[in-house]
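In what follows, a structure is listed as structure tokens, so that the remarks can point back to it.
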Amino acid sequence: MTQRRSSGRRDRSIESTAVNRRKFMAASAGLLAGSSTLLNSWKPALAAKKTTDSVYGKITVTEIESHRISLPYQDWIHYQLQHYYGPTERTIYVAHTNVGLVGQATPSTHGF
């Protein structure tokens, strides 16, 4: 349903929100082209995984350790540092694999 303004022209705001076939096909073609580019960027990583699997066998994580560490403050300044800067506690994760590899990680507090 189109609405007419006082000047006799049709209001196309309702028609412009509808998805037509041409726009849908153009968006679908762009999505397919983008996904093929994304797949091509993963090819080196997949090749490296295949090489690693052939040399070491399939690597799986067997154990993850979690260590919470903190910096002890001196008693005379402990309250001020905890109050103004917050606790200086960190968590360190240690991952062990079935082939003897060990990796360490610290989660980011900045979100990236």
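The values are calculated or read from the model by the stated rules, or taken from the named source; none is laboratory data. Given the structure is predicted, the values throughout are model-derived calculations rather than measurements. Neighbour counts run over all protein chains shown; Cβ positions are idealised from the backbone, glycine included.
Scanning the stretch 59-74 for residues that are surrounded by 10 or more Cβ atoms within 10 Å (Cβ to Cβ) and within 25 Å of the chain's Cα centre (by Cα) returns 59, 61, 62, 63, 64, 65, 67. Across the stretch 59-76, the number of residues qualifying as modelled with pLDDT under 85 and either of a type in the set (A, V, I, L, M, F, W, C) or not assigned by TED's automatic domain parsing to the domain that holds residue 104 (or both) comes to 2.
The residues on offer are 62, 51, and the sole one that is without any contact (Cβ under 8 Å) to a residue 40 or more places away in the chain and touching a His at 6+ places or on another chain (Cβ under 8 Å) is 62. Taking the criterion of being surrounded by 10 or more Cβ atoms within 10 Å (Cβ to Cβ) and assigned to a strand (DSSP E or B), would at least one residue in the stretch 76-90 satisfy it? Yes: one or more hits. Somewhere in the stretch 43-60, is a residue among the aromatic types (Phe, Trp, Tyr) and assigned to a strand (DSSP E or B)? No, every residue in the stretch 43-60 fails to be among the aromatic types (Phe, Trp, Tyr) and assigned to a strand (DSSP E or B).
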